[in-house]
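Report on the structure given below.
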Amino acid sequence: MQSNVMKNERNIITVILLLLLSFLMFGCSSDSETVSATTVTHTQQGWSAYNSGDYTQALLNFERALKSDPEYADAHNGVGWCHLSLSLGVSLALDSFQNAVRYDSTNADAWVGLANTLYLRYKDTSDFEDAIKAIDNGLNADTKYLYRHDYYTNAELFALKASCYFYLGENEKAQQEIEKTLRIDAANRTAIVLQDLLKE
């Protein structure tokens with residue numbers, strides 16, 4: 001009789017432990033899913049505000065997303081674009097884009113943002129060289145991130161590369177990028193101006 005009681009006690013303890021373990025596992029999963037959903041929602045709201053021109057609200061939403069998940073790449077990317085659009089400082093934008101590509105190297109939009117920021121910073125010629133590499137990384141990354149805002153075709157990216165090559169004094173490469181740009185967009189102002197400068 002005593003052994004039956006001990007068996008029952010063991011069974012009860014086992015059931016209780018299993019229930020506690022299940023509760024902990026489902027509890028953690030639920031919290032994680034809530035944080036993830038919150039991060040994505042804030043990021044989507046950020047891009048919606050950004051695309052409507054409300055860069056301050058967009059920045060707040062992206063920062064809320066990062067509060068939920070400090071490693072969410074597209075929120076870092078959004079912060080970078082907001083810093084550029086609000087003229088809050090190239091170094092702040094640069095940090096955000098670098099974080100974005102560190103956490104997700106497939107985010108093509110973040111690579112384009114990084115390229116723009118390096119071009120604008122122009123600390124020395126290495127910024128133009130790094131901007132060219134960033135554009136190439138963007139063109140080879142996940143295209144679902146491209147053309148969501150601010151730039152809408154490869155022509156704009158080729159024109160930015162042409163500008164970098166022009167300032168590096170690599171006129172032949174600049175001309176190649178100008179030709180690629182004009183094949184896509186014959187009215188691209190940057191490419192036309194650069195072409196005129198190369199003729200001088």
Could you tell me how far the Cα centroid of segment 179-200 sits from the Cα centroid of segment 47-110, in Å? 30 Å
Taking only protein heavy atoms and a 1.4 Å probe, what accessible area per residue, in Å², does segment 107-180 have with all protein chains in place? 45 Å²
Give a residue-ordered list of calculated ³J(HN,Hα) values for segment 103-120 (Karplus: 6.51 cos²θ - 1.76 cosθ + 1.60, θ = phi - 60°; whole Hz; x for Gly, Pro). 7, 8, 6, 8, 7, 4, 4, 5, 4, 5, x, 4, 4, 4, 5, 5, 4, 5
Length added when fully stretched, Val193-Lys133, from 0.36 nm per residue minus Cα-Cα: 19.3 nm
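For segment 23-168, give the percent of accessible area contributed by carbon and sulfur heavy atoms, probe 1.4 Å, rounded to a whole number. Kindly include the intermediate steps, with their values, before the conclusion.
Values: 3720 of 7140 Å².
It is 52 percent, rounded to a whole number.
Calculate, for Lys173 and Leu60, the FRET efficiency according to 1/(1 + (r/R0)^6) with r their C-beta to C-beta distance and R0 30 Å; round to the nearest 0.05.
Working: r = 41 Å, r/R0 = 1.37.
Approximately 0.15, to the nearest 0.05.
The values are calculated or read from the model by the stated rules, or taken from the named source; none is laboratory data. Worth saying up front: this structure is predicted, and the values here are computed from it rather than measured. Heads up, the Cβs are rebuilt from the backbone with ideal geometry, glycines too, and the neighbour counts pull from every protein chain shown. Protein only, heavy atoms only, side chains kept; ligands, DNA and RNA dropped before computing areas. Shrake-Rupley method; radii C 1.70, N 1.55, O 1.52, S 1.80 Å.
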